[in-house]
Structures are given as C-alpha cells and as structure tokens.
Amino acid sequence: VDSVGLAYRGEQECPIGQDQELADARGNLLLLSSYTREHNYKKNPVKVVFAVPDADAFYAGLLAGCGRKHTRPQKFGAMYLTMAFDPDGYVVEGIQMEGVTSPLLVAIGIGVSDLDTAATFYTRTLGLKFVRDIAVPGYMNEKELAPHDKRGLSLVLMNYEDKRVSYA
C-alpha cells in the first residue's frame, strides 16, 4: 500500500467475499475484493493507473513491495510511464506527471471484448465522455472515458491484440 501512496481505510464482508478499502490523497477509493468462490483472474484483465512524481522510483517501489516486472520506466509518446504486476497478476501503471507530489489513483482499466461496443455502453448508458484513443502497437488498444464534470477517475477500456486473452 505504501509503495503506491494509498492508505488503508478498513475492510468489510461482501456477497463475494471480503473487501478492503484503500484511498489516495484526494480521497479516491480503491476497493480490493477477496473472493470466497472460485474466480478466474486471467479472464478479467484489469489495471490500476496512478499519476506519479517519479516513474523510476514508483517502479522500484512496486518491485520492492512484492510486485513483479512488466515494463521498465520508458518514454511512450509524450508520456514517461512504467508498469508492474501486483501479487495477483493485475497491472499497476505509473505515469509520471509534473506537479504530482505523491501517487494519485487516476484511472481503472478493464479488458473488453469490443472497444466500440463497450465505449457506447459507458457513454450512452452511464454518461461518461470519450477522451481519447490510445494505441499500444503489438500489445493492446485503449479508449479513455471520463466523467463529464472532470471529477473522479477515468475508465480505460482495454482490448488486447493477443487473442489468447479471454474476456468471458
């Protein structure tokens, strides 16, 4: 938790198991669920995205905190970012941003089988707005959606080019 700047807020029982509540400096909440029934993590790709002051230090902290190597800090377009796997195999991404003094949770990414269908659902049904397309050649394509009032987290829809990834 310290390696990504989140504070522990407590835990509670829920219908699928147990939840732990974590919060960043702005009060954004991240709920971690521990399933009591069988759950296939590999069929539900998810990532959490943080704005960080120093991508190199963030990556080192993730690895020191039991994370596993994914992508060393590197330039991607105009961004300097890094990724590591958490202990359950989910991707934790850190994007270096000026003016950020501690890691801030800025987006959640979910794997979807069809980007356009998912984007239509989240924009028309839930009122999010389209922000941008993000292409990671040879890896995945993404669509970033955000609340209309610009407050809160973005939702990143991810579709992997690797057809072995299953979303069902």
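The values are calculated or read from the model by the stated rules, or taken from the named source; none is laboratory data. The model shown is predicted, which means the values in this text are computed figures rather than measured ones. Backbone-built Cβ (ideal geometry, glycine too); neighbour counts: all protein chains shown. All accessible areas refer to the heavy atoms of the entire protein, side chains included, with ligands and DNA or RNA removed. Shrake-Rupley method; radii C 1.70, N 1.55, O 1.52, S 1.80 Å.
Taking N as the number of residues in the chain, what is its alpha-carbon radius of gyration divided by 2.2 N^0.38 Å? If you can, show how the numbers build up before the last one.
Numbers: Rg = 15.8 Å, N = 168, 2.2 N^0.38 = 15.4 Å.
Against the compact-globule rule of thumb, the ratio is 1.03.
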Expected output is a single nm value to one decimal: the length gained when fully extending between I110 and F85, i.e. 0.36 nm times separation in residues minus the C-alpha distance. What is it? 7.5 nm
Any idea how many Lys pairs in the chain come in under 25 angstrom at the alpha carbon, given 8 or more places apart or on separate chains? 18
Can you tell me the relative contact order of region 45-159? Whole percent, Cα pairs under 8 Å, sequence separation 6 or more. 25
Using mean Cβ contacts within 10 Å as the protection proxy, how do 113-123, 149-159 order, highest first? 149-159, 113-123
Mind ranking 49-55, 102-108 by how tightly packed they are, going by the mean number of other C-beta atoms within 10 angstrom, highest first? 49-55, 102-108
Regression test value, accessible area per residue of region 50-148, probe 1.4 Å, units Å², expected 53
Taking the Cα atoms of region 77-168, report the difference between the largest and smallest coordinate on each principal axis, in whole Å and largest first. 37, 33, 27
Could you please state how large a percent of the accessible area of the chain is carbon and sulfur, counting protein chains only and using a 1.4 Å probe? 52
Give me the net charge for the shell around L128: Cβ to Cβ below 15 angstrom, other residues only, Lys and Arg +1, Asp and Glu -1. +1
